[in-house]
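What follows is a set of notes on a single structure, which appears directly below.
The values are calculated or read from the model by the stated rules, or taken from the named source; none is laboratory data. This structure is a prediction, so every number in the text was calculated from the model and none was measured. Methodologically, a virtual Cβ is constructed for each residue, glycine included, from the backbone with ideal geometry; neighbour enumeration extends over all protein chains shown. With ligands, DNA and RNA removed, areas are computed over all heavy atoms of the protein, side chains included. Shrake-Rupley method; radii C 1.70, N 1.55, O 1.52, S 1.80 Å.
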Amino acid sequence: MLQSLIDVILPVFLVVAAGYIATQRQFFTQAQIDGLMKFTQSFAIPCLLFRAIANLDLSASFDPKLLISFYTGAAICFCVGIIGARVLFRRDWEDSIAIGFCCLFSNSVLLGLPITERAFGPDNLTGNYAIIAFHSPFCYGLGITAMEIVRNRGSGGLQTVASVLKAMFKNVLILGIAIGFAFNLLGFVVPGAVDAALQLLIRAALPTALFALGGVLVQYRPEGDLRTILFVCFTSLMIHPAIVWTLGSSLNLKLDLFRSGVLNAAMATGFNGYIFANMYGRAKRVAASSVLIATGASVFTVWFWLLVLS
(Lines give C-alpha, C1' and ligand atoms only; values in the text may rest on other atoms or scores of the structure.)
Protein backbone atom coordinates (compact mmCIF):
# COMPACT_ATOMS: atom_id res chain seq x y z
CA MET A 1 0.00 0.00 0.00
CA LEU A 2 2.82 2.40 0.88
CA GLN A 3 4.52 1.85 -2.47
CA SER A 4 1.29 2.28 -4.42
CA LEU A 5 0.54 5.56 -2.66
CA ILE A 6 4.05 6.81 -3.41
CA ASP A 7 3.58 5.81 -7.05
CA VAL A 8 0.35 7.82 -7.23
CA ILE A 9 1.34 10.99 -5.37
CA LEU A 10 5.05 11.54 -5.89
CA PRO A 11 5.16 11.72 -9.72
CA VAL A 12 2.66 14.58 -9.71
CA PHE A 13 4.50 16.58 -7.08
CA LEU A 14 7.91 15.79 -8.56
CA VAL A 15 6.79 17.55 -11.74
CA VAL A 16 5.63 20.53 -9.64
CA ALA A 17 8.95 20.46 -7.75
CA ALA A 18 10.89 20.33 -11.03
CA GLY A 19 9.14 23.50 -12.18
CA TYR A 20 9.80 25.16 -8.83
CA ILE A 21 13.54 24.30 -8.80
CA ALA A 22 14.07 25.13 -12.49
CA THR A 23 12.53 28.56 -11.96
CA GLN A 24 14.23 29.20 -8.63
CA ARG A 25 17.61 28.37 -10.22
CA GLN A 26 16.70 30.66 -13.13
CA PHE A 27 16.74 28.00 -15.85
CA PHE A 28 13.33 29.47 -16.62
CA THR A 29 12.45 33.12 -16.21
CA GLN A 30 9.16 34.13 -14.62
CA ALA A 31 8.06 35.44 -18.03
CA GLN A 32 8.67 32.01 -19.58
CA ILE A 33 6.73 30.30 -16.79
CA ASP A 34 3.91 32.80 -17.26
CA GLY A 35 3.92 31.85 -20.96
CA LEU A 36 3.63 28.15 -20.14
CA MET A 37 0.82 28.84 -17.69
CA LYS A 38 -0.98 31.02 -20.23
CA PHE A 39 -0.68 28.23 -22.81
CA THR A 40 -2.18 25.66 -20.42
CA GLN A 41 -4.79 27.85 -18.73
CA SER A 42 -5.94 29.74 -21.81
CA PHE A 43 -5.58 27.07 -24.49
CA ALA A 44 -4.61 23.47 -23.69
CA ILE A 45 -6.79 22.91 -20.59
CA PRO A 46 -9.87 24.58 -22.14
CA CYS A 47 -9.37 22.17 -25.08
CA LEU A 48 -9.13 19.26 -22.62
CA LEU A 49 -12.33 20.33 -20.86
CA PHE A 50 -14.15 20.96 -24.15
CA ARG A 51 -13.34 17.47 -25.47
CA ALA A 52 -14.12 15.78 -22.14
CA ILE A 53 -17.51 17.50 -21.76
CA ALA A 54 -18.40 17.07 -25.47
CA ASN A 55 -17.87 13.29 -25.17
CA LEU A 56 -19.24 12.86 -21.64
CA ASP A 57 -22.20 10.59 -20.94
CA LEU A 58 -24.27 13.22 -19.17
CA SER A 59 -26.83 10.79 -17.81
CA ALA A 60 -24.11 8.78 -16.05
CA SER A 61 -21.91 11.73 -15.03
CA PHE A 62 -24.13 14.32 -13.45
CA ASP A 63 -25.33 12.44 -10.42
CA PRO A 64 -27.09 14.99 -8.17
CA LYS A 65 -25.70 13.17 -5.13
CA LEU A 66 -22.14 13.93 -6.24
CA LEU A 67 -22.82 17.59 -6.94
CA ILE A 68 -24.77 18.03 -3.70
CA SER A 69 -21.98 16.38 -1.68
CA PHE A 70 -19.13 18.34 -3.26
CA TYR A 71 -20.70 21.77 -3.58
CA THR A 72 -22.45 21.71 -0.21
CA GLY A 73 -19.01 21.06 1.26
CA ALA A 74 -17.50 23.87 -0.82
CA ALA A 75 -20.19 26.36 0.23
CA ILE A 76 -19.81 25.41 3.90
CA CYS A 77 -16.04 25.92 3.67
CA PHE A 78 -16.61 29.33 2.04
CA CYS A 79 -18.78 30.32 5.01
CA VAL A 80 -16.33 28.83 7.51
CA GLY A 81 -13.52 30.81 5.87
CA ILE A 82 -15.46 34.09 6.01
CA ILE A 83 -16.61 33.61 9.60
CA GLY A 84 -13.18 32.44 10.76
CA ALA A 85 -11.41 35.39 9.10
CA ARG A 86 -13.94 37.84 10.52
CA VAL A 87 -14.32 36.47 14.06
CA LEU A 88 -10.98 34.78 14.79
CA PHE A 89 -8.59 37.04 12.88
CA ARG A 90 -10.50 40.34 12.90
CA ARG A 91 -10.25 40.91 9.15
CA ASP A 92 -12.64 43.30 7.41
CA TRP A 93 -15.48 41.92 5.27
CA GLU A 94 -13.66 42.24 1.93
CA ASP A 95 -10.58 40.43 3.27
CA SER A 96 -12.81 37.80 4.86
CA ILE A 97 -14.53 37.01 1.56
CA ALA A 98 -11.18 36.72 -0.25
CA ILE A 99 -10.00 34.32 2.49
CA GLY A 100 -13.27 32.40 2.25
CA PHE A 101 -12.72 32.03 -1.50
CA CYS A 102 -9.33 30.40 -0.81
CA CYS A 103 -11.14 27.87 1.40
CA LEU A 104 -13.72 27.33 -1.35
CA PHE A 105 -11.63 26.81 -4.50
CA SER A 106 -9.79 23.47 -4.64
CA ASN A 107 -7.27 22.75 -7.40
CA SER A 108 -9.48 20.23 -9.18
CA VAL A 109 -7.82 20.52 -12.62
CA LEU A 110 -4.05 20.76 -12.12
CA LEU A 111 -3.94 18.39 -9.12
CA GLY A 112 -7.32 16.63 -8.98
CA LEU A 113 -7.23 15.19 -12.50
CA PRO A 114 -3.69 13.72 -12.51
CA ILE A 115 -3.90 12.34 -8.96
CA THR A 116 -7.29 10.70 -9.52
CA GLU A 117 -6.10 9.28 -12.85
CA ARG A 118 -2.97 7.80 -11.28
CA ALA A 119 -4.89 6.47 -8.28
CA PHE A 120 -7.89 4.89 -10.01
CA GLY A 121 -7.19 4.95 -13.76
CA PRO A 122 -8.33 7.13 -16.69
CA ASP A 123 -11.73 5.40 -16.81
CA ASN A 124 -12.58 6.77 -13.35
CA LEU A 125 -12.52 10.48 -14.17
CA THR A 126 -16.24 10.83 -14.89
CA GLY A 127 -16.90 12.39 -11.50
CA ASN A 128 -13.92 14.72 -11.88
CA TYR A 129 -15.26 16.16 -15.12
CA ALA A 130 -18.73 16.55 -13.64
CA ILE A 131 -17.25 18.55 -10.74
CA ILE A 132 -14.98 20.59 -13.02
CA ALA A 133 -17.93 21.48 -15.28
CA PHE A 134 -19.50 23.47 -12.43
CA HIS A 135 -16.39 24.40 -10.46
CA SER A 136 -15.44 27.78 -11.92
CA PRO A 137 -19.05 28.95 -12.51
CA PHE A 138 -20.08 27.97 -8.97
CA CYS A 139 -17.01 29.26 -7.14
CA TYR A 140 -16.59 32.50 -9.04
CA GLY A 141 -20.34 33.09 -9.02
CA LEU A 142 -20.48 32.66 -5.23
CA GLY A 143 -17.29 34.60 -4.49
CA ILE A 144 -17.94 37.52 -6.85
CA THR A 145 -21.57 37.83 -5.74
CA ALA A 146 -20.57 37.92 -2.06
CA MET A 147 -17.80 40.45 -2.70
CA GLU A 148 -19.95 42.73 -4.85
CA ILE A 149 -22.76 42.69 -2.29
CA VAL A 150 -20.32 43.66 0.47
CA ARG A 151 -18.63 46.34 -1.65
CA ASN A 152 -21.96 47.84 -2.68
CA ARG A 153 -23.50 47.17 0.75
CA GLY A 154 -26.61 45.69 -0.85
CA SER A 155 -27.32 48.59 -3.23
CA GLY A 156 -26.94 48.23 -6.97
CA GLY A 157 -28.31 44.78 -7.70
CA LEU A 158 -28.07 45.16 -11.48
CA GLN A 159 -24.43 46.22 -11.24
CA THR A 160 -23.71 43.18 -9.05
CA VAL A 161 -25.29 40.80 -11.58
CA ALA A 162 -23.41 42.45 -14.44
CA SER A 163 -20.09 42.15 -12.55
CA VAL A 164 -20.69 38.48 -11.85
CA LEU A 165 -21.58 37.61 -15.46
CA LYS A 166 -18.71 39.66 -16.91
CA ALA A 167 -16.12 38.00 -14.66
CA MET A 168 -17.46 34.51 -15.29
CA PHE A 169 -17.64 34.72 -19.07
CA LYS A 170 -14.16 36.22 -19.35
CA ASN A 171 -12.91 32.91 -17.89
CA VAL A 172 -11.66 30.72 -20.77
CA LEU A 173 -12.17 27.53 -18.76
CA ILE A 174 -15.86 28.34 -18.43
CA LEU A 175 -16.07 29.04 -22.17
CA GLY A 176 -14.45 25.67 -22.98
CA ILE A 177 -16.91 23.91 -20.71
CA ALA A 178 -19.88 25.82 -22.18
CA ILE A 179 -18.91 24.98 -25.79
CA GLY A 180 -18.40 21.34 -24.79
CA PHE A 181 -21.92 21.26 -23.33
CA ALA A 182 -23.29 22.80 -26.53
CA PHE A 183 -21.64 20.10 -28.68
CA ASN A 184 -22.85 17.35 -26.33
CA LEU A 185 -26.45 18.51 -26.05
CA LEU A 186 -26.83 19.34 -29.75
CA GLY A 187 -25.21 16.08 -30.86
CA PHE A 188 -22.41 17.74 -32.82
CA VAL A 189 -19.43 15.53 -33.73
CA VAL A 190 -15.92 16.94 -33.70
CA PRO A 191 -14.27 16.23 -37.12
CA GLY A 192 -11.59 13.54 -37.00
CA ALA A 193 -8.63 15.79 -37.87
CA VAL A 194 -9.72 18.39 -35.32
CA ASP A 195 -10.18 15.71 -32.67
CA ALA A 196 -6.69 14.33 -33.39
CA ALA A 197 -5.24 17.84 -33.00
CA LEU A 198 -7.12 18.27 -29.73
CA GLN A 199 -5.68 15.03 -28.41
CA LEU A 200 -2.14 16.24 -29.19
CA LEU A 201 -2.78 19.42 -27.23
CA ILE A 202 -4.43 17.54 -24.38
CA ARG A 203 -1.38 15.30 -23.90
CA ALA A 204 0.67 18.40 -23.17
CA ALA A 205 -1.91 20.11 -20.96
CA LEU A 206 -1.53 18.56 -17.51
CA PRO A 207 2.26 17.91 -17.37
CA THR A 208 2.98 21.41 -18.68
CA ALA A 209 0.48 22.91 -16.23
CA LEU A 210 2.01 21.04 -13.29
CA PHE A 211 5.53 22.19 -14.26
CA ALA A 212 4.31 25.77 -14.68
CA LEU A 213 2.48 25.59 -11.33
CA GLY A 214 5.81 24.86 -9.65
CA GLY A 215 7.34 27.85 -11.40
CA VAL A 216 4.47 30.13 -10.38
CA LEU A 217 4.82 29.10 -6.73
CA VAL A 218 8.37 30.53 -6.61
CA GLN A 219 6.95 34.06 -6.40
CA TYR A 220 4.60 33.17 -3.51
CA ARG A 221 6.62 33.76 -0.36
CA PRO A 222 5.10 32.45 2.89
CA GLU A 223 5.26 35.50 5.13
CA GLY A 224 3.10 36.88 7.90
CA ASP A 225 -0.48 35.97 8.82
CA LEU A 226 0.64 32.40 9.59
CA ARG A 227 -2.38 31.50 11.73
CA THR A 228 -4.76 32.68 9.01
CA ILE A 229 -2.83 30.75 6.36
CA LEU A 230 -2.87 27.54 8.41
CA PHE A 231 -6.61 28.02 8.98
CA VAL A 232 -7.16 28.22 5.20
CA CYS A 233 -5.00 25.14 4.60
CA PHE A 234 -6.82 23.06 7.22
CA THR A 235 -10.24 24.09 5.94
CA SER A 236 -9.45 23.26 2.32
CA LEU A 237 -7.38 20.11 2.89
CA MET A 238 -9.32 18.47 5.72
CA ILE A 239 -12.76 20.00 6.38
CA HIS A 240 -13.96 20.01 2.76
CA PRO A 241 -13.14 16.33 2.03
CA ALA A 242 -14.54 15.32 5.44
CA ILE A 243 -17.87 16.96 4.57
CA VAL A 244 -17.93 15.32 1.12
CA TRP A 245 -17.09 11.94 2.71
CA THR A 246 -19.96 12.33 5.22
CA LEU A 247 -22.55 13.49 2.69
CA GLY A 248 -21.46 11.02 0.00
CA SER A 249 -21.65 8.12 2.46
CA SER A 250 -25.08 9.13 3.73
CA LEU A 251 -26.39 9.52 0.13
CA ASN A 252 -24.93 6.13 -0.95
CA LEU A 253 -22.95 7.75 -3.74
CA LYS A 254 -21.49 5.34 -6.34
CA LEU A 255 -17.93 4.31 -5.49
CA ASP A 256 -16.16 5.91 -8.47
CA LEU A 257 -18.06 9.19 -8.02
CA PHE A 258 -17.50 9.05 -4.26
CA ARG A 259 -13.73 8.73 -4.77
CA SER A 260 -13.67 11.59 -7.25
CA GLY A 261 -15.68 13.81 -4.91
CA VAL A 262 -13.51 13.21 -1.85
CA LEU A 263 -10.20 13.47 -3.73
CA ASN A 264 -11.19 16.68 -5.54
CA ALA A 265 -12.28 18.19 -2.23
CA ALA A 266 -8.91 17.20 -0.73
CA MET A 267 -6.89 19.14 -3.29
CA ALA A 268 -4.93 22.21 -2.25
CA THR A 269 -6.22 25.72 -2.68
CA GLY A 270 -5.98 26.54 -6.38
CA PHE A 271 -4.11 29.65 -7.48
CA ASN A 272 -7.52 30.91 -8.57
CA GLY A 273 -7.67 31.87 -4.88
CA TYR A 274 -4.79 34.26 -5.49
CA ILE A 275 -6.33 35.45 -8.78
CA PHE A 276 -9.55 36.31 -6.93
CA ALA A 277 -7.68 38.09 -4.12
CA ASN A 278 -5.56 40.01 -6.64
CA MET A 279 -8.67 40.94 -8.66
CA TYR A 280 -10.06 42.77 -5.65
CA GLY A 281 -6.74 43.72 -4.02
CA ARG A 282 -7.69 42.03 -0.76
CA ALA A 283 -5.78 39.49 1.43
CA LYS A 284 -3.26 38.87 -1.36
CA ARG A 285 -0.47 37.78 1.00
CA VAL A 286 -2.74 35.24 2.72
CA ALA A 287 -3.96 33.90 -0.63
CA ALA A 288 -0.47 33.59 -2.17
CA SER A 289 1.03 31.91 0.89
CA SER A 290 -1.97 29.58 1.22
CA VAL A 291 -1.48 28.35 -2.35
CA LEU A 292 2.19 27.58 -1.65
CA ILE A 293 1.81 25.96 1.79
CA ALA A 294 -1.37 24.02 0.97
CA THR A 295 0.21 22.61 -2.22
CA GLY A 296 3.20 21.38 -0.21
CA ALA A 297 1.08 20.04 2.65
CA SER A 298 -1.25 18.21 0.26
CA VAL A 299 1.52 15.67 -0.42
CA PHE A 300 0.71 14.29 3.04
CA THR A 301 -3.00 15.08 3.31
CA VAL A 302 -3.80 13.51 -0.09
CA TRP A 303 -1.87 10.47 1.06
CA PHE A 304 -4.13 10.36 4.13
CA TRP A 305 -7.33 10.60 2.06
CA LEU A 306 -6.11 7.91 -0.36
CA LEU A 307 -5.53 5.63 2.64
CA VAL A 308 -9.05 6.37 3.88
CA LEU A 309 -10.50 5.62 0.43
CA SER A 310 -8.58 2.36 -0.03
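Just so you know, the Rg over Rh for the chain is 0.95, from Cα atoms, with Rh as the Kirkwood radius. The phi-based Karplus calculation (6.51 cos²θ - 1.76 cosθ + 1.60; θ = phi - 60°) puts the 3J(HN,Hα) values of the stretch 171-178 at 7, 5, 4, 5, 5, x, 5, 5 Hz, whole numbers, x for Gly and Pro.
Sequence-ordered 3J(HN,Hα) estimates for the stretch 236-244 from the Karplus curve with 6.51, -1.76 and 1.60 and θ = phi - 60° stand at 6, 8, 10, 5, 4, x, 5, 5, 5 Hz, glycine and proline given as x. Across the stretch 253-310, Cα-Cα pairs farther apart than 12 Å form 68% of the total. The residues of the stretch 1-141 expose on average 41 square angstrom of accessible surface per residue, using a 1.4 Å probe on protein heavy atoms.
Between Ala75 and Asn55, the simple label model (points 7 Å from Cα in the Cβ direction) yields a spacing of 3.3 nm. Only four residue types carry charge here, +1 at the Cβ of Lys and Arg and -1 at the Cβ of Asp and Glu. Report the dipole size of the chain about the Cα centre in Debye, rounded to the nearest 20. In debye, rounded to 20, the chain gives about 660. Among Leu253, Leu36, Leu88, the largest mean-square fluctuation in a Gaussian network model of the chain (Cα springs under 10 Å) belongs to Leu88.
Positive contributions from Lys and Arg (+1) and negative ones from Asp and Glu (-1), summed over other residues with Cβ under 15 Å from the Cβ of Phe211, come out at +2.
Overall, the ratio between the Cα radius of gyration of the stretch 184-310 and 2.2 N^0.38 Å, rounded to two decimals, is 1.30. Roll a 1.4 angstrom probe over the protein heavy atoms and tell me the percent of accessible area of the stretch 217-258 that is carbon or sulfur. Carbon and sulfur atoms account for 63 percent of the accessible area of the stretch 217-258. Taking other residues whose beta carbon is less than 13 angstrom from the beta carbon of Ile45, and scoring Lys, Arg as +1 and Asp, Glu as -1, yields +3. How would you classify the stretch 1-143 from its alpha-carbon gyration tensor, with a ≥ b ≥ c the square roots of the eigenvalues: rounded for a/c under 1.5, else prolate if a/b is greater than b/c, otherwise oblate? Here the stretch 1-143 falls in the oblate category. Amide H to amide H, with H built 1.01 Å from N, Ser106 comes under 5 Å of Gly270, counting only residues 5 or more places away or on other chains. If R0 is taken as 51 Å, the Cβ-Cβ distance between Ala162 and Ile68 corresponds to a FRET efficiency of 0.95.
Could you work out which residue, out of Thr208, Thr40, Thr246, moves most in a Gaussian network model of the chain, that is, has the largest mean-square fluctuation with Cα springs under 10 Å? Highest fluctuation of the listed residues: Thr246. Using a Gaussian network model of the chain in which every pair of alpha carbons under 10 angstrom is joined by a spring, one finds that among Lys166, Lys38, Lys284 the greatest mean-square fluctuation is at Lys166. Along the stretch 141-146 the Karplus relation, 6.51 cos²θ - 1.76 cosθ + 1.60 evaluated at θ = phi - 60°, assigns HN-Hα couplings of x, 5, x, 5, 4, 4 Hz to successive residues, with x for each Gly and Pro. For the stretch 62-122, the Cα gyration tensor yields ellipsoid semi-axes of 29, 14, 7 Å (square root of five times each eigenvalue, largest first, whole Å).
Rounded to the nearest 500, the helix-only mean residue ellipticity at 222 nm of the chain stands at -24500 deg cm²/dmol, with each DSSP H run of n ≥ 4 adding -39,500 (n - 2.57).
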